[in-house]
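The values are calculated or read from the model by the stated rules, or taken from the named source; none is laboratory data. Not measured: the values here are computed from a predicted model. In this analysis, Cβ positions are derived from the backbone assuming ideal geometry, glycine residues included, and neighbour counts consider all displayed protein chains. Please note that ligands, DNA and RNA were not included when accessible areas were found on the heavy atoms of the full protein model with its side chains. Shrake-Rupley method; radii C 1.70, N 1.55, O 1.52, S 1.80 Å.
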Amino acid sequence: MNRTMTEKRSKRFKVLEERPVNKDGFVKEWPDQGFVAMSSPHDPDPSLTIENGKITEMDGKERKDFDMLDQFIADYTIDVSTAGEVMKMESIEIARKLVDIHVSRSEMISIVKGMTPAKVVEVLNQLNVVEMMMALQKMRARKTPANQCHVTNVRDNPILMAADAAEAGILGFDEQETTVGIVRYAPFNALALLVGSQTARGGVLTQDALEEATELRLAMLGLTTYAETISIYGTESVFMDGDDTPWSKSFLASAYASRGAKMRFTSGTGSEVQMAGAEGKSMLYLEVRCVMMAKGAGVQGLQNGSISCIGIPAAVPSGLRAVLAENLATTMFDLEVASGNDQTFSHSEIRRSAKMLCQMLPGTDFIFSGFSAVPNSDDMFAGSNMDSSDIDDYLIIQRDMMVDGGLKPVEETDVINVRYQAAKSMQAIFEELGFPRITDEEVEAATYANSSADMPKRNVVEDLKAAERILTEEITGFQVALILAKRGYQQTAERIFNMLKHKVAGDYLHTSAIINAQNVVLSAVNDENDYKGPGTGYRLGGERWEEIKNIRQAISPSDY
């Protein structure tokens with residue numbers, strides 16, 4: 001005789017129900033509305049017809065029926081000189097080449113250039129997660145992996161922000177991103193990141209994620225050096241909701257690049273579902289269209305990995321596999337990838353770590369496009385997959401696995417010192433420019449703070465007036481450098497000036513560019529990924545491995 005749930009509950013199931021993972025949301029597949037990760041029954045089959053060097057049919061659609069993404073991809077992305085032969089190849093054969101150590105990255109890129117969106121998806125669907133990670137290790141553009149962080153706070157406090165940026169700099173983040181709670185604070189945030197990051201070390205790239213016109217103005221003033229919040233979408237209806245087209249986004253990209261600002265587009269699985277415009281296609285199919293549009297536009301790369309829509313693919317079967325697949329697709333088109341992990345999606349620490357390892361273990365150009373260098377309570381990007389309280393876990397995982405996750409252990413005394421220097425630099429700049437006074441109390445608080453709750457409150461109205469002066473008076477990064485040199489902060493001044501010189505030289509506009517602590521640009525040009533199996537590609541060793549090994553918690557036998 002069967003017993004029913006109403007009679008008595010299993011104590012084990014009651015325990016399971018209290019586990020953090022069961023606070024997450026999960027849904028069954030619903031292909032008609034796009035709630036399917038990698039293979040929708042409505043996804044087209046791969047096909048291609050070329051007549052007189054022009055694509056006249058693609059993935060079952062005649063040219064007269066192309067939407068604007070189809071047209072853009074057909075005209076600017078697909079290599080018609082190779083596409084005819086590539087499209088005849090079996091998808092399983094191409095998938096095997098992706099994981100074959102005897103097939104070079106460059107050979108794979110030449111094949112991928114001849115594929116349609118549906119063909120790319122068909123290839124990716126042949127791969128399991130481990131195979132995708134193997135392929136990603138080979139296909140990423142830059143040999144050396146790196147990391148990016150968020151530096152924000154709910155009060156938009158510029159002193160705290162500069163101190164946090166300085167700490168993030170010595171931790172090893174090569175890019176730092178901020179945004180605002182109050183839009184008019186934006187110039188202060190850009191200034192704080194510039195000063196704080198360059199206090200830590202030279203070469204850190206920074207951005208202020210805002211509406212695009214203001215973001216571009218700050219870049220032109222030399223207060224920021226890159227941008228990535230230029231969103232693109234996989235369906236025409238969602239694109240048009242944003243009053244944009246692939247051509248307008250391409251024009252905007254050229255505006256950034258022509259002014260010396262590194263930039264990449266942003267996209268991600270689930271965005272079209274979230275905006276009710278998935279047209280019944282799988283999340284991955286729509287994202288591959290975004291990747292191919294980015295390639296056709298000529299941008300350096302893509303921030304993808306679902307990003308702010310991560311809850312949607314994470315709720316459906318194979319969703320996190322689809323996120324990894326979109327990262328891989330980006331590298332297959334020889335684009336830089338900032339591979340997400342930048343918004344929290346789960347109550348489960350196990351699940352969050354599992355997702356992150358898909359990018360950390362094979363390595364990507366930027367493993368996180370926003371590891372929160374501050375507590376998530378201060379992260380104005382809605383919280384990251386990992387925050388400042390997870391730093392030790394991350395450093396130890398690097399050590400456990402002998403993997404370079406882009407970060408390095410730091411001593412508490414070094415952190416305190418660099419935070420103090422950044423806060424004092426901001427104090428000097430505010431004084432020289434006649435901005436509202438930064439008190440010694442605020443400098444002290446920022447030096448030792450964990451979050452904005454530890455900071456004295458400032459006069460918001462007066463700060464906003466001063467922040468607007470940066471734009472109205474066109475206060476530049478060069479002026480900031482001159483002030484710092486005048487006030488005795490020579491090293492930070494020189495580092496800021498070096499960043500301005502990089503904007504003129506433009507070397508960091510190459511795919512996957514970062515600037516290392518020696519002020520040397522590393523990119524896919526001079527640090528090309530050459531992985532061809534064991535003993536090749538990026539190998540952790542030497543000084544970098546010693547750095548990763550020597551966490552502060554490790555006990556030395558010689559001490560006892």
#### Entry: Pick from segment 462-487, criterion outside any helix (DSSP H, G or I) and surrounded by fewer than 19 Cβ atoms within 10 Å (Cβ to Cβ), ranking: farthest from the chain's Cα centre (by Cα)
ARG487
### Query
How many residues are in a helix (DSSP H, G or I), surrounded by 22 or more Cβ atoms within 10 Å (Cβ to Cβ) and under 21 Å from the mean Cα position of the chain (by Cα) if we restrict to segment 216-238?
2
### Task
Please give the number of the condition PHE188 fails out of (1) open to solvent by 10 Å² or more (accessible area, probe 1.4 Å); (2) assigned to a helix (DSSP H, G or I); (3) modelled with pLDDT of 95 or more; (4) over 25 Å from ASP365 (Cβ atoms).
(1)
### Query
How many residues are within 28 Å of LEU509 (Cα to Cα) and part of a loop (DSSP other than H, G, I, E, B) if we restrict to segment 276-321?
6
### segment 245-261: number of residues that are open to solvent by 30 Å² or more (accessible area, probe 1.4 Å), assigned to a loop (DSSP other than H, G, I, E, B) and in contact with a Leu (Cβ under 8 Å, 6 or more places away or on another chain)
1
### Summary
Reported set for segment 388-416 where residues are open to solvent by less than 30 Å² (accessible area, probe 1.4 Å) and of a type in the set (S, T, N, Q) is GLN398
### Query
Counting only residues that are surrounded by 14 or more Cβ atoms within 10 Å (Cβ to Cβ) and polar (S, T, N, Q), which one in segment 519-549 is farthest from ARG142 (Cα to Cα)?
ASN519
### Task
Name every residue in segment 106-135 that is open to solvent by 30 Å² or more (accessible area, probe 1.4 Å) and either farther than 12 Å from SER91 by Cβ or part of a helix (DSSP H, G or I) (or both), in order of residue number.
SER106, GLU107, SER110, LYS113, GLU122, ASN128, VAL129, VAL130, GLU131, MET133, MET134
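Mind listing just one residue for me: the one in segment 97-116 that is of a type in the set (Lys, Arg) and touching a residue at least 24 places away in the same chain (Cβ under 8 Å) and, of those, farthest from MET133 (Cα to Cα)? First the steps, then the outcome.
Quick first cut of segment 97-116, residues of a type in the set (Lys, Arg) only: 97, 105, 113.
Now drop any that are not touching a residue at least 24 places away in the same chain (Cβ under 8 Å), which leaves 105, 113.
Values: ARG105: 14, LYS113: 21 Å.
In this case the residue turns out to be LYS113.
Quick check on ALA338: is it within 18 Å of PHE381 (Cβ to Cβ), among the hydrophobic types (A, V, I, L, M, F, W, C) and within 12 Å of the chain's Cα centre (by Cα)? Lay out the reasoning, then the answer.
Values: within 18 Å of PHE381 (Cβ to Cβ): yes; among the hydrophobic types (A, V, I, L, M, F, W, C): yes; within 12 Å of the chain's Cα centre (by Cα): yes.
Judged against the criteria, ALA338 is a match.
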## Note on the structure
Flagged in segment 488-515 as hydrophobic (A, V, I, L, M, F, W, C) and either closer than 26 Å to GLN427 by Cα or open to solvent by 40 Å² or more (accessible area, probe 1.4 Å) (or both), in numbering order, are ALA493, ILE496, PHE497, MET499, LEU500, VAL504, ALA505, LEU509
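Please count how many residues of segment 322-374 are hydroxyl-bearing (Ser, Thr, Tyr) and either in a loop (DSSP other than H, G, I, E, B) or more than 27 Å from TYR508 (Cα to Cα) (or both). Lay out the reasoning, then the answer.
As a first pass, look at segment 322-374 and keep what is hydroxyl-bearing (Ser, Thr, Tyr): 330-331, 339, 344, 346, 348, 353, 364, 369, 372.
Retained after the next criterion (residues that are either in a loop (DSSP other than H, G, I, E, B) or more than 27 Å from TYR508 (Cα to Cα) (or both)): 339, 344, 346, 348, 353, 364.
Residues meeting the conditions: 6.
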### Task
Could you list, in sequence order, all residues of segment 287-309 that are in contact (Cβ under 8 Å) with a residue 60 or more places away in the chain and more than 22 Å from ASP79 (Cβ to Cβ)?
GLN303, GLY305, ILE307, SER308
### Message
Suppose the filter is open to solvent by less than 10 Å² (accessible area, probe 1.4 Å) and of a type in the set (D, E, K, R); does ASP208 pass it?
### Response
yes
### Query
If you go through segment 37-49 one residue at a time, do you hit one that is more than 27 Å from the chain's Cα centre (by Cα), without any contact (Cβ under 8 Å) to a residue 60 or more places away in the chain and outside any loop (DSSP other than H, G, I, E, B)?
yes
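Residue by residue, here is whether (1) touching a Phe, Trp or Tyr at 6+ places or on another chain (Cβ under 9 Å); (2) of a type in the set (Ser, Thr, Tyr); (3) farther than 17 Å from SER47 by Cβ holds:
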position: THR82; (1), (2), (3): no, yes, no
position: GLY114; (1), (2), (3): no, no, no
position: GLU122; (1), (2), (3): no, no, no
position: LEU127; (1), (2), (3): no, no, yes
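May I ask you to verify whether SER369 is within 15 Å of the chain's Cα centre (by Cα), under 23 Å from LYS138 (Cβ atoms) and without any contact (Cβ under 8 Å) to a residue 40 or more places away in the chain? Spell out how you get there, then give the answer.
Details: within 15 Å of the chain's Cα centre (by Cα): yes; under 23 Å from LYS138 (Cβ atoms): yes; without any contact (Cβ under 8 Å) to a residue 40 or more places away in the chain: no.
No, not satisfied.
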### Query
In segment 530-560, what count of residues is obtained for those that are in a loop (DSSP other than H, G, I, E, B) and over 20 Å from ALA517 (Cα atoms)?
15
### Query
Could you say whether any residue in segment 195-214 is more than 24 Å from LEU500 (Cβ to Cβ) and among the hydroxyl-bearing types (Ser, Thr, Tyr)?
no
### Pairs with Cβ under 7 Å, 6+ apart, first in segment 122-133 and more than 14 Å from LYS97 (Cβ to Cβ), second of a type in the set (S, T, N, Q) and not in a helix (DSSP H, G or I)
ASN125/SER39
### Message
Tally up the residues in segment 173-184 that are touching a residue at least 60 places away in the same chain (Cβ under 8 Å) and surrounded by fewer than 24 Cβ atoms within 10 Å (Cβ to Cβ), please.
### Response
5
### Query
Is at least one residue of segment 552-560 in contact (Cβ under 8 Å) with a residue 60 or more places away in the chain and surrounded by 12 or more Cβ atoms within 10 Å (Cβ to Cβ)?
no
### Message
Quick check on segment 375-387: of everything there that is open to solvent by 10 Å² or more (accessible area, probe 1.4 Å) and outside any loop (DSSP other than H, G, I, E, B), which residue is nearest to PRO313 (Cα to Cα)?
### Response
ASN376
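Determine whether segment 433-450 contains at least one residue that is among the aliphatic types (A, V, I, L, M) and surrounded by fewer than 16 Cβ atoms within 10 Å (Cβ to Cβ).
Applying the first criterion (among the aliphatic types (A, V, I, L, M)) to segment 433-450 yields 433, 438, 443, 445-446, 449.
Still in the list and also surrounded by fewer than 16 Cβ atoms within 10 Å (Cβ to Cβ): none.
No, segment 433-450 contains no residue that is among the aliphatic types (A, V, I, L, M) and surrounded by fewer than 16 Cβ atoms within 10 Å (Cβ to Cβ).
Just a yes or no: is a residue in segment 451-461 part of a helix (DSSP H, G or I), buried (at least 17 other Cβ atoms within 10 Å of the Cβ) and at negative phi? Before you say what the answer is, go through the steps one by one.
Within segment 451-461, the first condition is being part of a helix (DSSP H, G or I), and the residues that meet it are 452-454, 460-461.
Narrowing further to those that are buried (at least 17 other Cβ atoms within 10 Å of the Cβ): 452.
From what is left, the residues that are at negative phi are 452.
Looking for residues that are part of a helix (DSSP H, G or I), buried (at least 17 other Cβ atoms within 10 Å of the Cβ) and at negative phi, one finds at least one in segment 451-461, hence yes.
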